[in-house]
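Only one structure is covered here, and it is reproduced in the block below.
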Amino acid sequence: MIYPATDNPVRSACLHMGTTVNIELLALRGVTWTAPTDSDPSVATVTDQVTPPGTRHDHVTLLRPGTVTFTSASSYTPDPSGPVSRQWALTLTVVP
């Protein structure tokens, strides 16, 4: 999954336990993203890596059945009057 890639991104998905999901939060034109947080670390683990100019590459491993939501927020550092902060969220339902 790559965000922001479209105006109508994936917000939720149902996946099988053991599946891995790769997420890219793109740093575009001065916008950067916070490290994604997950609502239930017992359902999924996430590893976060940042590459220049600030794009986040996250590897999510689904551990057990349940629901987990990942969130991140954008910020625009070059100008305090720049684009408004945006919230990104992805909810994954994990099934056996």
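Assuming Thr32 fulfils every condition listed in (1) in contact with a Gly (Cβ under 8 Å, 6 or more places away or on another chain); (2) over 15 Å from Ile2 (Cα atoms) apart from one, which condition is it?
Status for Thr32: all satisfied but (2).
Could you list all residues from region 24-33 that are assigned to a loop (DSSP other than H, G, I, E, B) and farther than 22 Å from Ala13 by Cα? Full working, then the answer.
Residues of region 24-33 assigned to a loop (DSSP other than H, G, I, E, B): 26-30.
Selection gives Ala27, Leu28, Arg29, Gly30.
Out of the residues in region 43-96 that are part of a loop (DSSP other than H, G, I, E, B), more than 18 Å from Asn22 (Cα to Cα) and at pLDDT 95 or above, state the one that is most open to solvent (accessible area, probe 1.4 Å).
The residue in question is Pro96.
For region 9-29, name all the residues that are open to solvent by 70 Å² or more (accessible area, probe 1.4 Å) and more than 15 Å from the chain's Cα centre (by Cα).
As a first pass, look at region 9-29 and keep what is open to solvent by 70 Å² or more (accessible area, probe 1.4 Å): 10-12, 14, 16-17, 20, 22, 29.
Scanning region 9-29 gives Cys14, His16, Met17, Arg29.
The values are calculated or read from the model by the stated rules, or taken from the named source; none is laboratory data. Note that this is a predicted model, so its numbers are computed, not measured. All Cβ positions, glycine included, derive from the backbone under ideal geometry; neighbour counts span all protein chains shown. Side chains are part of the model used for accessible areas, which takes the heavy atoms of the whole protein and leaves out ligands, DNA and RNA. Shrake-Rupley method; radii C 1.70, N 1.55, O 1.52, S 1.80 Å.
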